[in-house]
Amino acid sequence: MFSPKANHADLILIEDLELSARIGAGEAERASAQRLTVSLAMEPARALTGLGDDLSQTVDYFRVGEAVKALALERPRALVETLAEEIATRVLRDFAVCGVTVELRKYVLPDARWVAVRLRRPL
């Protein structure tokens, strides 16, 4: 998918998480929820060595996924760029990561598999 440049080699990845969101340039497009997918590459604040098999010492990717799905449902948006930025902000704020790359895909053009926005945000 993508290879963010991290200060360390450790990443936690979520690939093609299914989202539902009311998103689009016009009111008609936002009238009903659409399928989106998001992929995240999260740079943990703490190296993945020495975790002692303890979930509390790392990023709980299940909680990240649930938070991102809930965020997508919160309100309608005109732009996928807006939602991608909000996802990055939420992940950086609520989880022990020092950087995140977000790729948000929308399946809207009939002659394309998808359209997407990709952004990287450090803490």
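Details
- Within region 44-83, the residues that satisfy the criterion of being in a helix (DSSP H, G or I) and farther than 20 Å from LEU17 by Cα are LEU55, SER56, GLN57.
- Scanning region 106-123 for residues that are more than 18 Å from LEU83 (Cβ to Cβ) and in a strand (DSSP E or B) gives a single hit, PRO122.
- Only residues that are assigned to a strand (DSSP E or B) and surrounded by fewer than 17 Cβ atoms within 10 Å (Cβ to Cβ) were counted across region 18-27, and they come to 2.
- Of all the listed residues (GLU103, GLU86), the sole one being at pLDDT 95 or above, part of a strand (DSSP E or B) and either more than 10 Å from the chain's Cα centre (by Cα) or surrounded by 14 or more Cβ atoms within 10 Å (Cβ to Cβ) (or both) is GLU103.
- Any chance LEU92 is modelled with pLDDT of 95 or more, touching an Asp or Glu at 6+ places or on another chain (Cβ under 9 Å) and closer than 20 Å to ILE12 by Cβ: no
- Condition check for ARG30: farther than 21 Å from ARG120 by Cα, touching a residue at least 40 places away in the same chain (Cβ under 8 Å) and surrounded by fewer than 18 Cβ atoms within 10 Å (Cβ to Cβ): yes
- Hits in region 64-116 (condition: of a type in the set (Asp, Glu) and touching a residue at least 60 places away in the same chain (Cβ under 8 Å)): GLU103
- Flag if GLU81 is buried (at least 17 other Cβ atoms within 10 Å of the Cβ) and of a type in the set (Asp, Glu): no
- With respect to being modelled with pLDDT of 95 or more, on the phi < 0 side of the Ramachandran plot and surrounded by fewer than 16 Cβ atoms within 10 Å (Cβ to Cβ), GLU74 fits the description.
The values are calculated or read from the model by the stated rules, or taken from the named source; none is laboratory data. Computed from a prediction, not measured in an experiment: that's the story for all the values here. Every residue, glycine as well, gets a Cβ built from its backbone with ideal geometry; the counts of neighbours run over all protein chains shown.
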